[in-house]
Amino acid sequence: MANPMLEWMRERRITEVECILPDMAGVARGKIIPKEKFVADPEMRLPEVALLQTVTGDFPDERMLDLTDPDMVLEPDPNTLRVVPWATDPTAQIIYDCFRSDGAPVDVAPRNVLKKVLDLYAEQGWEPVLAPEMEFYLVAPNPDPDVPLSPPLGRTGRAEFGRRSYAIDAVNEFDPLFEDIYDYCYAQELEVDTLIHEVGTAQMEINFLHGNPLDLADQVFLFKRTVREAAFRHNMYATFMAKPMENEPGSAMHMHQNVLDRATGRNIFTLDDGNPAPPFFHYLGGLQTFLPEGMPFFAPYVNSLRRLSRYTAAPINVQWGYDNRTVGFRIPHSSPESRRIENRVAGVDVNPYLAMAATLACGYLGMVRKIACTDPMQNNAYELPYQFPYSTDDALEVLSGSEALASVLGRRFVDMYVALKEKEFAEYFRVISPWERKYLLLHV
């Protein structure tokens, strides 16, 4: 019997394969192996701790880990086989799924967490649909992390200044870079759509076409790497930090979402007469009720919370409204068949698998529990109180106590994620900032 993956590699003269899996931070871990070895035995082994590194390369406390450090059985998903378009030699990449030796899925693997939520939807006869919007900044090379970021030079040889939101010529400044980005995305079958200049200086947004959440999470995972690689080749950085510069707005990953009936393909958010259906309001009720409990999935780092402040195009509460960009959950203008909810809370620094799993989990809980939502917000939601945890520490404590989210995402996963983030926060807290040295060193 022909091996489709082998035939695919032969056609493209592939010489090596990047075997990758996303860890808790959405970082690509894995191995690079010769094509012949991959073809002979595509299965791979790595210890579970490969998934459990903090963004600094540390690990949760030993009490959370199996100190025998057993290997996971890693199996490639053929649907994720793609070229690496920037590689010098013909190279393929493929995303792996994580299993235990008895065949059970590894419950802390981000891809498996999202699959678990999608299985719950399937049991109800539902099929969620999602479309992410990715904001990011282009910045000048910054080899010294103690130096603040600055905009890169464009094709005119000048750095951008001021606010140039939606300006076509501001995007054209970086045409050679975006030509590479679109070429790389096309080669990898990443279904990117619209490109716009966002509000911040050299801040851009690229939108994806709507589709299956697992496929979109894979695409976002690869897209971040793609944009960074393309930027390197044009002597600039692309950053997906939520708040990279103090005087500029933050960057979000807005998620448009609705749910189809698997049998009929109809949008369950809409009644036959075109009006909103009860599941639409229940989904909103779930987001309003449970999203604050899951904030570490939408704002995973200390930097993430800096983005969520008044009058910065980022929400501060769980209000919802029709075509209202001051709320956490916006309902865009659309036909009844395309009725959807835009979750505007998540920063672009999220792990896409976990952010998508968490937003779908909140909506699922709202629908199965038939949770009522508030009335829509008709005016400025920034005048209302802040409704999210104020600090990383508070957010982790709230998530740890969320039995509802643990029932959907898995208790061991939630506990492990909290432990990992607590380790990150403890390391951050040891750092003395320039602000402290500037204002406290000689004045207190």
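Here are the numbers for the structure shown:
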| quantity | calculated |
| --- | --- |
| Any chance Arg307 is under 30 Å from Gly401 (Cβ atoms), open to solvent by less than 40 Å² (accessible area, probe 1.4 Å) and under 24 Å from the mean Cα position of the chain (by Cα) | yes |
| Any chance Ala50 is of a type in the set (A, V, I, L, M, F, W, C) and out of contact with any strand residue (DSSP E or B) (no Cβ under 6 Å at 6 or more places or on another chain) | no |
| Selected residue (only one of Thr15, Thr54 is under 28 Å from the mean Cα position of the chain (by Cα) and polar (S, T, N, Q)) | Thr54 |
| Qualifying residue in region 413-425 (condition: farther than 19 Å from Val345 by Cα, free of Cβ contacts under 8 Å to residues at least 60 places away in the same chain, assigned to a helix (DSSP H, G or I) and aromatic (Phe, Trp, Tyr)) | no |
| Qualifying residue in region 431-439 (condition: within 25 Å of Phe290 (Cβ to Cβ) and either open to solvent by 10 Å² or more (accessible area, probe 1.4 Å) or hydroxyl-bearing (Ser, Thr, Tyr) (or both)) | no |
| Pair list, Cβ < 8 Å and 6+ apart or interchain, from region 347-370 residues that are more than 16 Å from Pro292 (Cβ to Cβ) to residues that are among the polar types (S, T, N, Q) and part of a helix (DSSP H, G or I) | Asp349/Asn303; Asp349/Ser304 |
| Count - residues of region 237-291 that are open to solvent by less than 30 Å² (accessible area, probe 1.4 Å) and either part of a strand (DSSP E or B) or of a type in the set (S, T, N, Q) (or both) | 14 |
| Residues within region 277-304 that are aliphatic (A, V, I, L, M) and more than 14 Å from Val345 (Cβ to Cβ), tallied | 2 |
| Boolean, Phe329 is crowded, with 18+ Cβ neighbours inside 10 Å, free of Cβ contacts under 8 Å to residues at least 60 places away in the same chain and touching a Leu at 6+ places or on another chain (Cβ under 9 Å) | yes |
| Contacts under 9 angstrom Cβ, first residue in region 55-71 being outside the structural domain of Asp349 (by the TED database), partner open to solvent by 60 Å² or more (accessible area, probe 1.4 Å) and part of a loop (DSSP other than H, G, I, E, B), 6 or more apart | Leu65/Phe59; Pro70/Arg100; Pro70/Ser101; Asp71/Ser101 |
| Set Leu209, Leu222, Leu216: member being touching a residue at least 40 places away in the same chain (Cβ under 8 Å), in contact with a His (Cβ under 9 Å, 6 or more places away or on another chain) and within 24 Å of Leu21 (Cα to Cα) | Leu216 |
| Considering residues of region 370-396 that are part of a helix (DSSP H, G or I) and loosely packed, with under 14 Cβ neighbours inside 10 Å only, the residue farthest from the chain's Cα centre (by Cα) | Glu383 |
| Set Met5, Met24: member being out of contact with any Asp or Glu (no Cβ under 6 Å at 6 or more places or on another chain) and in a loop (DSSP other than H, G, I, E, B) | Met24 |
| Selected residue (only one of Val199, Val139 is crowded, with 22+ Cβ neighbours inside 10 Å, of a type in the set (Val, Ile, Thr) and in contact (Cβ under 8 Å) with a residue 40 or more places away in the chain) | Val139 |
| Residue identified as part of a helix (DSSP H, G or I), touching a Ser or Thr at 6+ places or on another chain (Cβ under 6 Å) and at pLDDT 90 or above among Tyr184, Tyr121, Tyr137 | Tyr184 |
| Condition met for Ala122 (open to solvent by 20 Å² or more (accessible area, probe 1.4 Å), in contact (Cβ under 8 Å) with a residue 24 or more places away in the chain and either touching a helix residue (DSSP H, G or I) at 6+ places or on another chain (Cβ under 7 Å) or closer than 21 Å to Val259 by Cα (or both)) | yes |
| Filtered residues of region 1-14 (kept if touching a residue at least 40 places away in the same chain (Cβ under 8 Å) and open to solvent by 70 Å² or more (accessible area, probe 1.4 Å)) | Pro4, Arg12, Arg13 |
| When residues of region 156-181 are limited to those that are in contact with a helix residue (DSSP H, G or I) (Cβ under 8 Å, 6 or more places away or on another chain) and modelled with pLDDT under 90, the one least open to solvent (accessible area, probe 1.4 Å) | Glu160 |
| Strands (runs of 3 or more DSSP E) wholly inside region 29-108 that include at least 3 residues being at pLDDT 95 or above and open to solvent by less than 60 Å² (accessible area, probe 1.4 Å) | 71-76, 91-99 |
| Filter result (within 30 Å of Ser304 (Cα to Cα), out of contact with any Cys (no Cβ under 9 Å at 6 or more places or on another chain) and buried (at least 20 other Cβ atoms within 10 Å of the Cβ)) within region 15-28 | Cys19, Ile20, Pro22, Asp23, Met24, Ala25, Gly26 |
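The values are calculated or read from the model by the stated rules, or taken from the named source; none is laboratory data. Just so we're clear, the structure is a prediction, and the values are computed from it rather than from any experiment. Heads up, the Cβs are rebuilt from the backbone with ideal geometry, glycines too, and the neighbour counts pull from every protein chain shown. Only protein heavy atoms, including side chains, enter the accessible area calculation; ligands, DNA and RNA are left aside. Shrake-Rupley method; radii C 1.70, N 1.55, O 1.52, S 1.80 Å.
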